[in-house]
Protein chains: 2
Amino acid sequence: MSETPSLAGLDWIAVDWGTSSLRVWAMDAQGGVLDRATSREGMSTLWPQAYEAVLVRIVSRWLGERTEPVPVIVCGMAGARQGWHEAAYRQAPCRPATPGSLTAVETAETRLAVSIVPGICQDDPPDVMRGEETQLAGLLAARNIDDGVVCMPGTHSKWVRLAGGRVSAFTTVMTGEMFALLAERSVLRHTVGDGGHDAVSFAQAVTDMLAAPEMLTAALFSVRAGALLDDAGPDACRSRLSGLLVGAEIAAMRPHWAGKTVHVVGAGPLVERYAEALRVAGADAVPEDGEALTLAGLSAVRAGMNGGKT
Amino acid sequence: MSETPSLAGLDWIAVDWGTSSLRVWAMDAQGGVLDRATSREGMSTLWPQAYEAVLVRIVSRWLGERTEPVPVIVCGMAGARQGWHEAAYRQAPCRPATPGSLTAVETAETRLAVSIVPGICQDDPPDVMRGEETQLAGLLAARNIDDGVVCMPGTHSKWVRLAGGRVSAFTTVMTGEMFALLAERSVLRHTVGDGGHDAVSFAQAVTDMLAAPEMLTAALFSVRAGALLDDAGPDACRSRLSGLLVGAEIAAMRPHWAGKTVHVVGAGPLVERYAEALRVAGADAVPEDGEALTLAGLSAVRAGMNGGKT
């Protein structure tokens with residue numbers, strides 16, 4: 001990382017510290033991005049004592065000779081029990097990512113004032129989120145809405161209902177992790193390719209699952225059998241596997257989305273696939289940029305710390 | 001393996017050659033077992049040219065100086081495309097494992113006459129079995145029945161309808177493989193133990209899935225969230241994961257078993273778990289010993305080769 005002059009306009013630092021990576025933004029007082037950095041040093045690679053050094057190494061070039069501590073607002077898995085410093089879950093229903101709920105972290109570095117956004121938990125059925133609450137705060141702020149249905153696809157997809165500016169209920173679905181396990185480590189790995197998308201196979205699989213979602217574990221093997229018996233190609237098989245899992249997720253989440261507009265929060269092809277599947281299901285999907293919403297959520301927290309609207 | 005004298009009463013050799021292991025039996029003309037052997041040299045460890053040498057190494061001590069070839073009847077994955085010699089699937093509906101459908105394999109060893117029992121395929125929905133057809137033949141013969149519902153739990157569970165002595169329809173469910181992937185390689189691995197059974201957690205999970213089978217992929221994460229929020233222990237979490245997957249399988253297979261007696265074919269704890277889950281679902285389950293049925297099926301094929309009833 002090359003040296004850059006310290007940033008005179010630096011007002012605060014935004015951090016999204018996930019399981020596998022870390023994103024850091026230098027922010028000015030107007031919410032503008034002065035600089036940014038990324039690293040592969042996610043939670044899964046760090047022990048608690050290592051976080052501060054990683055962060056200081058990345059941001060010290062922005063700090064220069066300043067003596068007043070710069071606020072650093074962190075969301076994501078850094079707040080988990082096995083992360084930097086535990087930020088205990090807040091209980092739904094609650095407003096997502098409010099300034100008053102931040103957990104302060106002591107640092108040896110006096111130029112930083114670090115606080116972590118806590119995740120949200122739900123009692124019945126038991127469920128937890130960390131990181132998504134900040135994107136939800138960003139969605140409420142950026143779209144100027146109080147209510148909505150949100151689909152956040154990923155390793156562990158979240159489906160969230162927002163009502164009156166609060167997270168009222170949510171569900172985690174392990175679709176992304178199951179896809180990776182089945183595509184890379186199960187008997188289906190002989191059958192599915194590692195690339196292309198076959199829209200017809202994907203849509204057919206989504207349709208199958210919407211019609212009979214209870215058949216998922218039985219339908220998975222049809223991916224293999226289809227290759228053995230019907231010469232289905234690697235792209236078709238991969239898209240069918242994806243369609244079965246995404247279709248099962250959408251079928252299970254029908255009470256969340258039926259008759260509503262769904263904000264699909266994420267990045268690139270994953271958002272496209274979920275929008276495609278929701279269209280097959282007859283739902284209305286609006287793509288939303290996950291990284292932009294994370295930054296919008298952290299900015300809303302920062303604005304609240306200054307006495308602004310939260 | 002110690003040397004034993006050649007077996008004067010040897011009439012034929014039974015072989016169950018699976019993905020991960022190999023079982024061989026020395027049989028007399030009355031269907032009695034004279035000797036047996038096992039090996040870890042399953043299909044996944046062998047290339048096609050290696051099978052004959054492995055078999056000869058195991059059985060040559062039984063052959064002695066005889067010059068007439070001894071019939072060897074093989075079932076299982078040795079007949080797959082990537083196995084010893086492909087035995088093309090027969091199409092359901094069909095009688096399982098008949099003498100007339102055997103595929104002969106040429107060998108350099110003149111004291112053996114090897115033939116392989118073919119698997120069975122189904123067109124719509126596409127599905128395949130290899131090995132189970134022999135257990136089904138054994139069930140028909142040993143129980144002297146023509147009709148039945150069969151649950152064969154395992155890495156890839158099979159649910160089979162037998163009608164008029166034929167396999168009329170079947171479905172593969174990837175329950176066992178999904179359990180292994182989720183318990184050992186997913187985020188749930190931090191939560192599930194590697195041992196004990198918690199009957200209450202298991203039964204509750206089965207009940208949950210029977211009530212809402214479409215919720216499987218959403219319910220899986222509750223195993224992790226339950227440990228984080230409710231201090232559910234490793235045994236309870238493991239049993240809940242197992243109960244969710246087995247319950248989802250039984251819910252999906254309801255049209256197979258509703259109002260019928262289910263023959264549960266397998267070994268040990270797995271058969272117990274499925275019988276437990278079927279009882280929760282209100283079904284009637286009869287445990288059946290899988291290895292004994294494999295041998296009964298191969299014996300039925302051998303009897304047919306001699307002109308007996310098949």
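Each reported figure results from applying straightforward, stated rules to the coordinates on display, with no laboratory input. These numbers come from a predicted model, not from an experiment. Neighbour counts run over all protein chains shown; Cβ positions are idealised from the backbone, glycine included.
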Collect the residues in region A:253-274 that are within 13 Å of chain B (Cβ to nearest Cβ) and in contact with a Phe, Trp or Tyr (Cβ under 9 Å, 6 or more places away or on another chain), keeping them in residue-number order. A:Met253, A:His256
Based on what the data block shows, is B:Thr191 closer than 24 Å to A:Ala180 by Cα, touching a residue at least 60 places away in the same chain (Cβ under 8 Å) and within 14 Å of chain A (Cβ to nearest Cβ)? no
Please count how many residues of region A:170-187 are in a helix (DSSP H, G or I) and facing chain B (nearest Cβ under 7 Å). 6
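Yes or no, residue by residue, for (1) over 15 Å from B:Ala248 (Cα atoms); (2) touching a residue at least 24 places away in the same chain (Cβ under 8 Å); (3) of a type in the set (Phe, Trp, Tyr):
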site: B:Glu177; (1), (2), (3): no, no, no
site: B:Ala183; (1), (2), (3): yes, yes, no
site: B:His197; (1), (2), (3): yes, yes, no
site: B:Leu229; (1), (2), (3): yes, no, no
site: B:Asp235; (1), (2), (3): yes, yes, no
Identify the single condition in (1) within 14 Å of chain A (Cβ to nearest Cβ); (2) surrounded by fewer than 20 Cβ atoms within 10 Å (Cβ to Cβ); (3) charged (D, E, K, R) that B:Glu249 does not satisfy, given that it satisfies every other one. (2)
Quick check on my filter: what residues within region B:56-76 are in contact with a helix residue (DSSP H, G or I) (Cβ under 9 Å, 6 or more places away or on another chain), among the aliphatic types (A, V, I, L, M) and crowded, with 21+ Cβ neighbours inside 10 Å? B:Val72, B:Ile73, B:Val74
Region B:199-246 - residue that is acidic (Asp, Glu) and part of a helix (DSSP H, G or I) and, of those, farthest from the other protein chains (Cβ to nearest Cβ): B:Asp235
Residue match in region B:146-168 (condition: crowded, with 21+ Cβ neighbours inside 10 Å, among the hydroxyl-bearing types (Ser, Thr, Tyr), touching a residue at least 40 places away in the same chain (Cβ under 8 Å) and within 14 Å of chain A (Cβ to nearest Cβ)): yes
Would you confirm whether or not region A:291-301 contains a residue that is in contact (Cβ under 8 Å) with a residue 12 or more places away in the chain, β-branched (Val, Ile, Thr), within 30 Å of A:Trp12 (Cα to Cα) and surrounded by fewer than 24 Cβ atoms within 10 Å (Cβ to Cβ)? no
From the list B:His263, B:His256, which residue is touching a residue at least 60 places away in the same chain (Cβ under 8 Å) and in a strand (DSSP E or B)? B:His263
All strands (runs of 3 or more DSSP E) inside region B:32-135 with 1 or more residues being within 14 Å of chain A (Cβ to nearest Cβ) and either of a type outside the set (Gly, Ala, Ser) or in contact (Cβ under 8 Å) with a residue 12 or more places away in the chain (or both): B:120-122, B:127-129
